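Down below is the structure, laid out as C-alpha coordinates.
The values are calculated or read from the model by the stated rules, or taken from the named source; none is laboratory data. Since we're looking at a predicted model, the values are computed, not measured. Glycine gets a Cβ as well: all are built from the backbone with ideal geometry, and neighbour counts include every protein chain shown. Accessible surface areas use protein heavy atoms only, side chains included; no ligands, DNA or RNA. Shrake-Rupley method; radii C 1.70, N 1.55, O 1.52, S 1.80 Å.
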Amino acid sequence: MPINPSPAVQRAGQVLWYMAEHPSETHTVAKLSRVLEIPRATCDSILQALTQQGFVGRREREMGYELGASCLALASAAQSANTVLSVANRQADQLARALGACVVVSTVIAGEARAVAVFDRAPATLLRARVGQAIPLAPPFGVVFVAWDAAASERWLERGGEHDSSADIERWRQSLIFTRRNGFSFSTYVDPGKQFGQILEDLVLKPDSEPGQRTRDELIERLRHSEYLATHVEESSEVQLLQVSAPVFDDNGAVTASIMVLGSMRPVRGQEVSALAQQVVQSADRVTTMARELRRGDAATGI
(Lines give C-alpha, C1' and ligand atoms only; values in the text may rest on other atoms or scores of the structure.)
Protein backbone atom coordinates (compact mmCIF):
# COMPACT_ATOMS: atom_id res chain seq x y z
CA MET A 1 0.00 0.00 0.00
CA PRO A 2 1.55 3.37 -0.99
CA ILE A 3 2.58 5.75 1.76
CA ASN A 4 1.26 9.29 1.32
CA PRO A 5 3.43 12.34 2.07
CA SER A 6 2.92 13.92 5.46
CA PRO A 7 0.68 17.03 5.16
CA ALA A 8 2.49 18.64 8.10
CA VAL A 9 5.88 18.22 6.43
CA GLN A 10 4.51 19.53 3.13
CA ARG A 11 3.16 22.63 4.86
CA ALA A 12 6.42 23.15 6.72
CA GLY A 13 8.15 23.04 3.35
CA GLN A 14 5.75 25.69 2.03
CA VAL A 15 6.55 27.93 4.98
CA LEU A 16 10.30 27.58 4.49
CA TRP A 17 10.09 28.12 0.72
CA TYR A 18 8.08 31.30 1.23
CA MET A 19 10.47 32.64 3.85
CA ALA A 20 13.40 31.84 1.58
CA GLU A 21 11.72 33.85 -1.18
CA HIS A 22 11.37 36.86 1.15
CA PRO A 23 14.51 36.67 3.32
CA SER A 24 14.57 40.33 4.38
CA GLU A 25 11.02 40.33 5.74
CA THR A 26 9.65 39.47 9.15
CA HIS A 27 6.86 36.92 8.80
CA THR A 28 3.97 36.91 11.23
CA VAL A 29 1.75 33.91 11.81
CA ALA A 30 -1.21 35.86 10.47
CA LYS A 31 0.55 36.76 7.22
CA LEU A 32 1.92 33.27 6.59
CA SER A 33 -1.46 31.75 7.32
CA ARG A 34 -3.19 34.11 4.90
CA VAL A 35 -0.65 33.96 2.05
CA LEU A 36 -0.11 30.21 2.18
CA GLU A 37 -3.75 29.38 2.98
CA ILE A 38 -2.80 27.32 6.03
CA PRO A 39 -5.11 27.40 9.09
CA ARG A 40 -3.67 29.81 11.63
CA ALA A 41 -3.44 27.24 14.44
CA THR A 42 -1.67 24.81 12.13
CA CYS A 43 0.71 27.54 10.93
CA ASP A 44 1.51 28.51 14.52
CA SER A 45 2.24 24.88 15.42
CA ILE A 46 4.53 24.46 12.39
CA LEU A 47 6.48 27.61 13.27
CA GLN A 48 6.95 26.47 16.86
CA ALA A 49 8.31 23.11 15.68
CA LEU A 50 10.64 24.80 13.17
CA THR A 51 11.82 27.20 15.89
CA GLN A 52 12.70 24.32 18.21
CA GLN A 53 14.87 22.81 15.45
CA GLY A 54 16.49 26.15 14.63
CA PHE A 55 15.09 26.38 11.09
CA VAL A 56 13.31 29.62 11.94
CA GLY A 57 14.00 32.22 14.59
CA ARG A 58 11.59 34.52 16.37
CA ARG A 59 11.95 38.30 16.22
CA GLU A 60 10.37 39.41 19.45
CA ARG A 61 10.18 43.11 18.60
CA GLU A 62 8.29 42.54 15.33
CA MET A 63 6.35 39.55 16.73
CA GLY A 64 7.36 37.51 13.69
CA TYR A 65 9.76 34.93 12.32
CA GLU A 66 12.81 34.74 10.04
CA LEU A 67 14.93 31.89 8.70
CA GLY A 68 17.18 30.37 11.36
CA ALA A 69 20.77 29.21 11.59
CA SER A 70 19.90 25.56 10.93
CA CYS A 71 19.03 26.53 7.35
CA LEU A 72 22.61 27.71 6.89
CA ALA A 73 23.91 24.38 8.12
CA LEU A 74 21.62 22.50 5.75
CA ALA A 75 22.57 24.70 2.83
CA SER A 76 26.26 24.17 3.50
CA ALA A 77 25.79 20.40 3.77
CA ALA A 78 23.71 20.31 0.59
CA GLN A 79 26.36 22.25 -1.32
CA SER A 80 29.02 19.81 -0.14
CA ALA A 81 26.91 16.76 -0.97
CA ASN A 82 25.82 17.94 -4.42
CA THR A 83 28.97 18.78 -6.34
CA VAL A 84 27.13 19.45 -9.60
CA LEU A 85 24.79 22.08 -8.20
CA SER A 86 27.59 23.70 -6.23
CA VAL A 87 29.71 24.11 -9.36
CA ALA A 88 26.67 25.04 -11.46
CA ASN A 89 25.82 27.88 -9.10
CA ARG A 90 29.29 29.38 -9.44
CA GLN A 91 29.24 29.12 -13.22
CA ALA A 92 25.71 30.51 -13.44
CA ASP A 93 26.67 33.52 -11.34
CA GLN A 94 29.67 34.21 -13.58
CA LEU A 95 27.50 33.88 -16.69
CA ALA A 96 24.87 36.23 -15.28
CA ARG A 97 27.53 38.85 -14.57
CA ALA A 98 29.08 38.48 -18.01
CA LEU A 99 25.76 38.74 -19.85
CA GLY A 100 23.91 41.13 -17.56
CA ALA A 101 21.06 38.61 -17.55
CA CYS A 102 18.99 36.39 -15.29
CA VAL A 103 20.48 32.88 -15.16
CA VAL A 104 18.67 29.94 -13.59
CA VAL A 105 19.97 26.58 -12.36
CA SER A 106 17.27 23.91 -12.48
CA THR A 107 16.99 20.23 -11.72
CA VAL A 108 14.22 17.63 -11.83
CA ILE A 109 12.31 17.13 -8.58
CA ALA A 110 9.26 14.87 -8.42
CA GLY A 111 8.62 15.00 -12.16
CA GLU A 112 9.01 18.76 -12.43
CA ALA A 113 11.83 21.00 -13.61
CA ARG A 114 12.39 23.25 -10.59
CA ALA A 115 14.53 26.37 -10.25
CA VAL A 116 16.94 25.77 -7.36
CA ALA A 117 19.12 28.87 -7.82
CA VAL A 118 18.63 32.20 -9.58
CA PHE A 119 21.39 34.71 -10.36
CA ASP A 120 19.73 37.91 -11.47
CA ARG A 121 22.04 40.52 -13.01
CA ALA A 122 19.47 41.71 -15.56
CA PRO A 123 18.09 45.24 -15.92
CA ALA A 124 14.66 45.74 -14.39
CA THR A 125 12.98 45.56 -17.79
CA LEU A 126 14.16 42.02 -18.60
CA LEU A 127 12.66 38.64 -17.77
CA ARG A 128 13.44 37.07 -14.43
CA ALA A 129 12.68 33.94 -12.43
CA ARG A 130 12.36 32.95 -8.78
CA VAL A 131 13.75 30.06 -6.78
CA GLY A 132 11.10 27.40 -6.39
CA GLN A 133 9.34 27.98 -9.69
CA ALA A 134 8.46 24.59 -11.16
CA ILE A 135 6.97 23.30 -14.36
CA PRO A 136 5.83 19.77 -15.28
CA LEU A 137 8.30 17.73 -17.30
CA ALA A 138 5.99 17.38 -20.29
CA PRO A 139 5.79 18.91 -23.78
CA PRO A 140 6.64 21.62 -24.55
CA PHE A 141 8.71 22.03 -21.37
CA GLY A 142 11.89 20.36 -20.13
CA VAL A 143 13.20 19.04 -23.44
CA VAL A 144 16.78 19.72 -22.29
CA PHE A 145 16.36 17.15 -19.49
CA VAL A 146 15.18 14.27 -21.71
CA ALA A 147 16.70 14.74 -25.17
CA TRP A 148 19.78 12.55 -24.51
CA ASP A 149 17.83 9.53 -23.25
CA ALA A 150 15.66 7.66 -25.76
CA ALA A 151 13.37 6.13 -23.13
CA ALA A 152 12.99 9.43 -21.28
CA SER A 153 12.23 11.17 -24.59
CA GLU A 154 9.41 8.72 -25.34
CA ARG A 155 7.95 9.10 -21.85
CA TRP A 156 8.12 12.88 -22.29
CA LEU A 157 6.22 12.66 -25.57
CA GLU A 158 3.60 10.45 -23.96
CA ARG A 159 2.92 13.14 -21.36
CA GLY A 160 1.48 15.39 -24.05
CA GLY A 161 -2.21 16.20 -24.01
CA GLU A 162 -4.92 13.77 -25.11
CA HIS A 163 -5.86 15.91 -28.11
CA ASP A 164 -2.41 16.58 -29.52
CA SER A 165 -2.25 16.57 -33.29
CA SER A 166 0.31 14.69 -35.34
CA ALA A 167 1.80 18.11 -36.19
CA ASP A 168 2.30 18.88 -32.47
CA ILE A 169 3.99 15.52 -31.83
CA GLU A 170 6.23 15.89 -34.87
CA ARG A 171 7.27 19.39 -33.72
CA TRP A 172 8.24 17.99 -30.32
CA ARG A 173 10.21 15.18 -31.96
CA GLN A 174 12.04 17.73 -34.06
CA SER A 175 12.83 19.75 -30.93
CA LEU A 176 14.37 16.63 -29.36
CA ILE A 177 16.53 16.10 -32.44
CA PHE A 178 17.53 19.77 -32.55
CA THR A 179 18.46 19.78 -28.85
CA ARG A 180 20.61 16.64 -29.10
CA ARG A 181 22.32 17.85 -32.26
CA ASN A 182 23.10 21.36 -31.04
CA GLY A 183 23.52 20.86 -27.30
CA PHE A 184 20.85 23.37 -26.26
CA SER A 185 17.16 24.17 -26.46
CA PHE A 186 15.46 27.51 -26.76
CA SER A 187 11.94 28.86 -26.77
CA THR A 188 10.32 31.98 -28.14
CA TYR A 189 7.61 34.23 -26.81
CA VAL A 190 4.05 33.28 -27.73
CA ASP A 191 0.75 34.12 -26.13
CA PRO A 192 -0.05 33.43 -23.22
CA GLY A 193 3.59 33.63 -22.09
CA LYS A 194 3.25 36.51 -19.62
CA GLN A 195 0.20 35.04 -17.92
CA PHE A 196 1.94 31.68 -17.67
CA GLY A 197 4.99 33.23 -16.00
CA GLN A 198 2.77 34.94 -13.46
CA ILE A 199 0.89 31.78 -12.53
CA LEU A 200 4.19 29.93 -12.00
CA GLU A 201 5.24 32.68 -9.62
CA ASP A 202 1.91 32.46 -7.78
CA LEU A 203 2.30 28.70 -7.38
CA VAL A 204 5.67 29.15 -5.67
CA LEU A 205 3.77 30.80 -2.83
CA LYS A 206 0.68 28.58 -2.97
CA PRO A 207 1.70 25.25 -4.56
CA ASP A 208 -1.52 23.51 -3.47
CA SER A 209 -3.83 26.17 -4.90
CA GLU A 210 -6.38 24.29 -7.00
CA PRO A 211 -7.43 27.39 -9.01
CA GLY A 212 -3.75 28.14 -9.70
CA GLN A 213 -3.06 24.57 -10.80
CA ARG A 214 -6.11 24.58 -13.07
CA THR A 215 -5.04 27.84 -14.68
CA ARG A 216 -1.48 26.55 -15.12
CA ASP A 217 -2.74 23.36 -16.80
CA GLU A 218 -5.05 25.33 -19.11
CA LEU A 219 -2.18 27.59 -20.17
CA ILE A 220 0.11 24.59 -20.70
CA GLU A 221 -2.51 23.09 -23.00
CA ARG A 222 -2.54 26.29 -25.06
CA LEU A 223 1.26 26.41 -25.22
CA ARG A 224 1.39 22.78 -26.38
CA HIS A 225 -0.23 23.79 -29.63
CA SER A 226 2.00 26.82 -30.20
CA GLU A 227 5.43 27.52 -31.64
CA TYR A 228 6.82 28.04 -28.11
CA LEU A 229 9.47 25.32 -28.41
CA ALA A 230 11.91 25.99 -31.25
CA THR A 231 13.01 23.30 -33.68
CA HIS A 232 15.60 25.26 -35.67
CA VAL A 233 17.52 28.53 -35.86
CA GLU A 234 17.10 30.78 -38.86
CA GLU A 235 20.20 32.95 -38.81
CA SER A 236 18.66 35.92 -40.63
CA SER A 237 15.19 35.83 -39.01
CA GLU A 238 14.15 37.66 -35.86
CA VAL A 239 12.50 36.05 -32.83
CA GLN A 240 11.47 37.16 -29.36
CA LEU A 241 13.76 34.98 -27.27
CA LEU A 242 12.28 33.64 -24.04
CA GLN A 243 15.08 31.36 -22.84
CA VAL A 244 18.10 29.27 -23.82
CA SER A 245 18.97 26.13 -21.83
CA ALA A 246 21.91 23.72 -21.86
CA PRO A 247 22.35 20.45 -19.95
CA VAL A 248 24.78 19.45 -17.22
CA PHE A 249 25.65 15.73 -17.20
CA ASP A 250 26.59 13.36 -14.40
CA ASP A 251 29.29 10.68 -14.60
CA ASN A 252 26.86 8.26 -16.29
CA GLY A 253 25.95 10.70 -19.05
CA ALA A 254 22.51 11.48 -17.63
CA VAL A 255 21.28 15.08 -17.46
CA THR A 256 21.28 16.11 -13.81
CA ALA A 257 20.75 19.88 -14.09
CA SER A 258 20.39 22.68 -16.59
CA ILE A 259 21.63 26.23 -16.94
CA MET A 260 19.09 28.59 -18.45
CA VAL A 261 19.50 32.19 -19.57
CA LEU A 262 16.31 34.21 -19.82
CA GLY A 263 15.91 36.34 -22.92
CA SER A 264 15.30 40.04 -23.23
CA MET A 265 11.98 39.73 -25.13
CA ARG A 266 13.32 42.16 -27.73
CA PRO A 267 13.54 40.88 -31.31
CA VAL A 268 16.90 39.21 -31.93
CA ARG A 269 18.32 37.58 -35.03
CA GLY A 270 19.07 33.90 -35.19
CA GLN A 271 22.78 34.72 -35.23
CA GLU A 272 22.46 36.29 -31.78
CA VAL A 273 20.51 33.28 -30.51
CA SER A 274 23.27 30.97 -31.72
CA ALA A 275 26.01 33.11 -30.16
CA LEU A 276 24.21 33.26 -26.81
CA ALA A 277 23.50 29.53 -26.92
CA GLN A 278 27.19 28.76 -27.38
CA GLN A 279 28.02 30.72 -24.24
CA VAL A 280 25.38 28.81 -22.28
CA VAL A 281 26.59 25.46 -23.65
CA GLN A 282 30.19 26.29 -22.76
CA SER A 283 29.18 27.23 -19.23
CA ALA A 284 27.20 24.01 -18.78
CA ASP A 285 30.07 21.95 -20.24
CA ARG A 286 32.45 23.52 -17.73
CA VAL A 287 30.13 22.48 -14.91
CA THR A 288 30.06 18.89 -16.19
CA THR A 289 33.86 18.76 -16.48
CA MET A 290 34.67 20.52 -13.20
CA ALA A 291 32.15 18.49 -11.17
CA ARG A 292 33.53 15.26 -12.61
CA GLU A 293 37.10 16.26 -11.73
CA LEU A 294 36.10 17.23 -8.20
CA ARG A 295 34.35 13.89 -7.63
CA ARG A 296 37.36 12.00 -8.92
CA GLY A 297 39.59 13.99 -6.61
CA ASP A 298 37.35 13.20 -3.66
CA ALA A 299 37.36 9.51 -4.56
CA ALA A 300 41.15 9.49 -4.85
CA THR A 301 41.55 11.00 -1.38
CA GLY A 302 38.89 8.75 0.15
CA ILE A 303 36.47 11.58 0.97
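In region 82-123, what count of residues is obtained for those that are more than 16 Å from the chain's Cα centre (by Cα), surrounded by fewer than 21 Cβ atoms within 10 Å (Cβ to Cβ), part of a helix (DSSP H, G or I) and in contact (Cβ under 8 Å) with a residue 24 or more places away in the chain?
Count: 5.
So that you can scan it fast, the table gives a plain yes or no per residue for (1) modelled with pLDDT of 95 or more; (2) open to solvent by less than 20 Å² (accessible area, probe 1.4 Å); (3) of a type outside the set (Phe, Trp, Tyr); (4) under 30 Å from Gly253 (Cβ atoms):
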| position | (1), (2), (3), (4) |
| --- | --- |
| Arg159 | no, no, yes, yes |
| Trp172 | no, yes, no, yes |
| Leu176 | yes, yes, yes, yes |
| Leu205 | no, no, yes, no |
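Against the conditions (1) part of a loop (DSSP other than H, G, I, E, B); (2) at pLDDT 85 or above; (3) open to solvent by 60 Å² or more (accessible area, probe 1.4 Å); (4) not polar (S, T, N, Q), where does Ile38 fall short? Just the number, please.
It fails just one condition, (3).
Which pairs turn up if I take residues in region 231-243 that are among the hydrophobic types (A, V, I, L, M, F, W, C) and look for partners that are assigned to a loop (DSSP other than H, G, I, E, B) with beta carbon separation below 6 Å, at least 6 apart in sequence or on another chain?
Going by the 6 Å Cβ cut-off, the qualifying pairs are Leu241/Gly263; Leu242/Tyr189; Leu242/Gly263.
I need the full set of residues from region 227-261 which are in a strand (DSSP E or B) and of a type in the set (Val, Ile, Thr), in order please.
Within region 227-261, the subset in a strand (DSSP E or B) is 229, 238-249, 255-261.
Of everything in region 227-261, those that are in a strand (DSSP E or B) and of a type in the set (Val, Ile, Thr) turn out to be Val239, Val244, Val248, Val255, Thr256, Ile259, Val261.
Please go through region 41-65 and pick out each residue that is touching a Gly at 6+ places or on another chain (Cβ under 9 Å) and either surrounded by fewer than 13 Cβ atoms within 10 Å (Cβ to Cβ) or of a type in the set (A, V, I, L, M, F, W, C) (or both).
Answer for region 41-65, where residues must be touching a Gly at 6+ places or on another chain (Cβ under 9 Å) and either surrounded by fewer than 13 Cβ atoms within 10 Å (Cβ to Cβ) or of a type in the set (A, V, I, L, M, F, W, C) (or both): Leu50, Gln53, Phe55, Val56.
Could you list, ordered by first residue, the pairs with Cβ atoms under 8 Å in which the first is in region 271-285 and in contact (Cβ under 8 Å) with a residue 12 or more places away in the chain and part of a helix (DSSP H, G or I) and the second is buried (at least 17 other Cβ atoms within 10 Å of the Cβ) and hydroxyl-bearing (Ser, Thr, Tyr), at least 6 apart or interchain?
So the pair list comes out as Val280/Ser245; Ala284/Ser258.
Can you name the residue in region 187-203 that is out of contact with any strand residue (DSSP E or B) (no Cβ under 6 Å at 6 or more places or on another chain) and β-branched (Val, Ile, Thr) and is also modelled with the highest pLDDT among such residues?
Per the stated criteria, the residue is Ile199.
Just checking, how many residues over region 21-35 are in contact with a helix residue (DSSP H, G or I) (Cβ under 8 Å, 6 or more places away or on another chain), closer than 19 Å to Gly57 by Cβ, in a helix (DSSP H, G or I) and of a type outside the set (Ser, Thr, Tyr)?
4
With the structure loaded, tell me whether Ser70 is free of Cβ contacts under 8 Å to residues at least 12 places away in the same chain and of a type outside the set (Val, Ile, Thr) or whether it fails that test.
No.
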